[in-house]
Amino acid sequence: MFLLVLAGCVAEEQGCEGLWGDVEAPGAWWVDASAEAEGDGRQESPVRSLSRVPPGGHAVLAAGVHELPEGPLSGTVQGVCPSLTRLVGDVEVQESLRLQDLTLEGALGGTGTLVGADLVVEEGLLWAQGPAADLTCEDCEVVGAPLFGLAAWDGASATLRRTVIRDVQEVDGHAFGVRGTEGASILLEEVRVERIPGHGIAVLESILELHGVLVQDVASEHIDVFGLFLSRGSRGVGTDVALRGVLGFGVAVEDEAELQVVGLSVRGVRGAGQLGPAIAVHRGGSVEVDDLLVDDCQSAALVAGEAGILRVREGLVRGTISTNGNLPMDLVALAGGLVEATGLDLMSEGAVGAVSQTGILSLTDAFFGPSTADGAWAVDGGAIRLTDVVMQERTAVGVGADWSLVVAEGLTVVGTRRPIELKLAAGAASVRGGALQLTDYHALDTEGYGLIVEGSTASCTDCEVEDSLLAGVLCANDAVCLLTDTWVHGVQPEGASGLAMGVFVGAGGGDDARLRADGLFVEEAGHAAVWVEGGYLEAVGSELHGGPQVELLPDVFAYGHGVYSMEGEVFLQHTLLAGAAGAGLFSHGGYVAVQDVRFQDNALDVVLQACDQEVLLPQDIDALVCPEEWLPTVPMSYFGIVVLEDAG
């Protein structure tokens with residue numbers, strides 16, 4: 001996993017001794033600039049200058065320094081080895097040239113066919129221009145070039161194999177390791193681009209193919225730079241690509257460009273400004289990555305915006321950090337962007353796992369590891385789709401919808417912890433007009449609520465909430481909630497005097513909430529299986545088990561009611577109220593309608609605490625009406641109506 005080939009250098013020199021080394025070149029022209037006299041071109045009688053070699057001929061350069069003649073070169077020019085043979089001047093190719101086993105002090109390129117092998121190019125770039133240009137360099141090293149290490153444009157083709165480009169010199173605040181424009185086609189195999197005071201690899205309107213490529217240590221004092229950049233409809237494919245130590249953006253794709261990579265590693269990206277994303281896709285760009293590793297990047301790891309599309313299959317994101325005081329984020333979809341991830345692990349300490357802001361996030365078979373920040377948030381019209389996702393030991397919220405949509409199937413949230421500055425945490429939350437659709441949802445060991453819905457809507461089908469504090473499900477403040485085949489178990493009070501409810505339905509400081517439950521099962525829920533406070537509850541085909549009486553403080557008890565209603569509206573049908581140490585149904589004002597409800601093993605089946613309630617009860621109901629004292633902390637002056645039909 002995450003294989004990277006780090007080759008890319010001049011081949012190890014062999015036979016590199018003496019005037020000619022071990023060069024064998026029958027029929028070649030032999031050139032020795034230090035020869036005492038001009039010869040006829042044989043090895044024993046060399047000429048003194050390349051200008052004597054006929055066009056298209058094969059020239060062997062002796063150890064030493066050679067001046068490049070005027071005009072284009074063609075044929076073959078061969079040295080002894082790069083450490084002994086040096087050619088000074090800019091080489092331009094118009095037809096065909098092979099250059100090998102030497103150091104060139106100057107630029108190398110042209111409009112024809114150029115093959116370089118075992119070369120060191122110093123203080124000059126590699127370049128190719130025009131549809132007839134075809135540049136190939138194998139086992140080469142390009143050092144100290146001005147502005148560009150390699151530049152190809154106007155339909156040219158360029159191939160680098162086992163090559164290093166480093167220490168490009170900045171010109172007017174810009175520098176590029178590799179740049180392709182205007183229909184260029186570039187192939188890089190086992191190439192290393194490093195120590196660039198600008199962009200690593202950038203292509204516009206071009207084709208790029210990468211295999212075993214490393215870009216590292218690219219930074220500018222003037223701008224945020226790109227380790228790998230594609231724009232203006234460029235197309236890129238690659239395998240085993242790595243970027244390290246980029247000051248700006250690791251990978252950036254925009255303007256309808258596309259990139260597909262198998263095996264991408266991005267480490268140590270920092271932003272000169274606020275961002276330092278590993279991958280950023282926007283303005284209609286598209287990136288697909290199989291087998292991704294992102295480590296130690298700043299502020300945001302993966303970002304898609306402005307109709308950009310980012311798809312990841314299998315990978316790990318970890319170590320996302322922030323240097324500006326804001327929470328870092330692993331995945332971000334904004335402004336119509338789309339992020340889709342399958343089999344992705346998010347292990348970033350202190351990072352929000354995923355944020356969608358007017359964009360779409362889609363995660364399948366993903367794992368969110370321990371963190372001191374939230375798991376996933378959709379905000380400001382964004383959308384998140386989760387399939388078979390696990391969130392473990394996140395802080396504050398596992399997944400949340402804020403004026404946005406979250407759809408999750410097979411979501412498991414374990415051990416959500418509350419931050420120091422907040423009083424609660426939630427496995428899943430929908431707030432401020434959000435919409436949350438959960439299927440096969442599991443919330444375990446939450447320091448707060450398994451599900452919280454405030455001022456928004458939520459549905460939960462085949463859901464399980466276990467071992468929460470405060471409440472398994474909270475539906476409040478004008479919320480609308482639908483629970484279908486949902487199981488809530490083991491809700492415990494927070495502190496000695498705290499409340500604990502399986503399901504809470506109420507106003508919560510705003511308008512009344514409404515909750516409908518079909519097939520709701522609640523047990524071991526502290527004060528009440530369902531607590532209704534100024535809200536609306538409709539439960540059909542449910543089992544609501546009250547808990548045992550627990551002394552929280554001296555003479556202060558959690559009574560373990562089945563349903564507790566304070567001025568709420570409660571409709572129960574085909575439902576079992578059982579095992580309550582308090583009352584199966586406790587009403588303190590409001591309205592209660594019961595049809596085909598069974599009471600079983602309760603201390604009291606029904607308690608009607610408001611003394612002026614209008615009451616209609618079957619004779620066989622064990623009811624306590626207007627008790628002198630039941631819960632001393634609750635006023636007894638509310639007016640309510642209770643209707644029981646066919647109760648048993």
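Restricting attention to the stretch 80-99, and to residues there that are open to solvent by less than 30 Å² (accessible area, probe 1.4 Å) and out of contact with any Cys (no Cβ under 7 Å at 6 or more places or on another chain), which single residue is nearest to Leu19 (Cα to Cα)? Of everything passing the filter in the stretch 80-99, Thr85 is nearest to Leu19 (Cα to Cα).
For the stretch 262-278, filtered to residues that are surrounded by 22 or more Cβ atoms within 10 Å (Cβ to Cβ) and of a type in the set (A, V, I, L, M), the residue that is nearest to the chain's Cα centre (by Cα) is Ala278.
Taken over the stretch 409-439, the criterion of being over 17 Å from Gly455 (Cα atoms), open to solvent by 40 Å² or more (accessible area, probe 1.4 Å) and modelled with pLDDT under 95 is satisfied by Arg417, Arg418, Ile420, Glu421, Leu422, Lys423, Leu424. Looking for whichever is more than 11 Å from the chain's Cα centre (by Cα), farther than 21 Å from Ala396 by Cα, small (Gly, Ala, Ser) and not in a loop (DSSP other than H, G, I, E, B) here; the options are Gly343, Gly315. Which one fits? Exactly one residue qualifies, and that residue is Gly343. Restricting attention to the stretch 126-173 and to residues that are closer than 23 Å to Glu221 by Cα and not in a strand (DSSP E or B), the residue that is most open to solvent (accessible area, probe 1.4 Å) turns out to be Asp172. Just one residue in the set Leu363, Leu346, Leu386 is under 18 Å from Thr320 (Cα atoms) and buried (at least 21 other Cβ atoms within 10 Å of the Cβ); that residue is Leu346.
Results for (1) within 14 Å of the chain's Cα centre (by Cα); (2) among the polar types (S, T, N, Q); (3) farther than 23 Å from Leu188 by Cβ; (4) buried (at least 20 other Cβ atoms within 10 Å of the Cβ), shown as yes or no for each residue.
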{"site": "Glu221", "(1), (2), (3), (4)": "no, no, yes, no"}
{"site": "Phe229", "(1), (2), (3), (4)": "no, no, no, yes"}
{"site": "Arg235", "(1), (2), (3), (4)": "no, no, no, no"}
{"site": "Val253", "(1), (2), (3), (4)": "no, no, no, yes"}
{"site": "Glu258", "(1), (2), (3), (4)": "no, no, no, no"}
{"site": "Ala280", "(1), (2), (3), (4)": "yes, no, no, yes"}
{"site": "Arg283", "(1), (2), (3), (4)": "no, no, yes, no"}
{"site": "Ala301", "(1), (2), (3), (4)": "yes, no, yes, yes"}
{"site": "Leu310", "(1), (2), (3), (4)": "yes, no, no, yes"}
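Quick check on Gln274: is it farther than 19 Å from Glu288 by Cβ, modelled with pLDDT of 95 or more and of a type in the set (S, T, N, Q)? No, not satisfied.
Across the stretch 41-57, what is the total count of residues that are part of a strand (DSSP E or B) and open to solvent by 20 Å² or more (accessible area, probe 1.4 Å)? Before the answer, list the steps.
Step one: filter the stretch 41-57 for residues part of a strand (DSSP E or B), giving 42, 45, 47.
Filter again for open to solvent by 20 Å² or more (accessible area, probe 1.4 Å), leaving 42, 45.
Total meeting the criteria: 2.
Exactly one residue among Leu331, Leu302 is assigned to a strand (DSSP E or B) and closer than 23 Å to Val213 by Cβ, and that residue is Leu302. For Val77, the test of being in contact with a Leu (Cβ under 9 Å, 6 or more places away or on another chain), at pLDDT 95 or above, surrounded by fewer than 18 Cβ atoms within 10 Å (Cβ to Cβ) and assigned to a strand (DSSP E or B) is failed. Only a single criterion out of (1) outside any strand (DSSP E or B); (2) open to solvent by 10 Å² or more (accessible area, probe 1.4 Å) is not satisfied by Ala525, namely (2).
For Val399, the test of being modelled with pLDDT of 95 or more, in contact with a Ser or Thr (Cβ under 8 Å, 6 or more places away or on another chain), closer than 19 Å to Ala341 by Cα and open to solvent by less than 10 Å² (accessible area, probe 1.4 Å) is failed. Considering (1) open to solvent by 60 Å² or more (accessible area, probe 1.4 Å); (2) modelled with pLDDT under 80, the lone condition that Ala623 does not fulfil carries the number (1). Out of Asp485, Asp462, Asp467, one residue alone is surrounded by fewer than 20 Cβ atoms within 10 Å (Cβ to Cβ) and under 16 Å from Val414 (Cα atoms). It is Asp467. Reported count of residues in the stretch 188-201, each being over 17 Å from Ser265 (Cα atoms) and surrounded by fewer than 24 Cβ atoms within 10 Å (Cβ to Cβ), is 2.
When Gly519 is tested against (1) open to solvent by 50 Å² or more (accessible area, probe 1.4 Å); (2) in contact with a Ser or Thr (Cβ under 7 Å, 6 or more places away or on another chain), just one condition goes unmet, and that condition is (1).
Entry remark, the stretch 346-362: residues being more than 16 Å from Arg318 (Cβ to Cβ) and among the aliphatic types (A, V, I, L, M) number 3 in total.
The values are calculated or read from the model by the stated rules, or taken from the named source; none is laboratory data. Owing to the predicted nature of the structure, the values given are computational and were not obtained by experimental measurement. For neighbour counting, all protein chains shown are included, and Cβ atoms are generated from backbone atoms with ideal geometry for every residue, glycine included. Side chains are part of the model used for accessible areas, which takes the heavy atoms of the whole protein and leaves out ligands, DNA and RNA. Shrake-Rupley method; radii C 1.70, N 1.55, O 1.52, S 1.80 Å.
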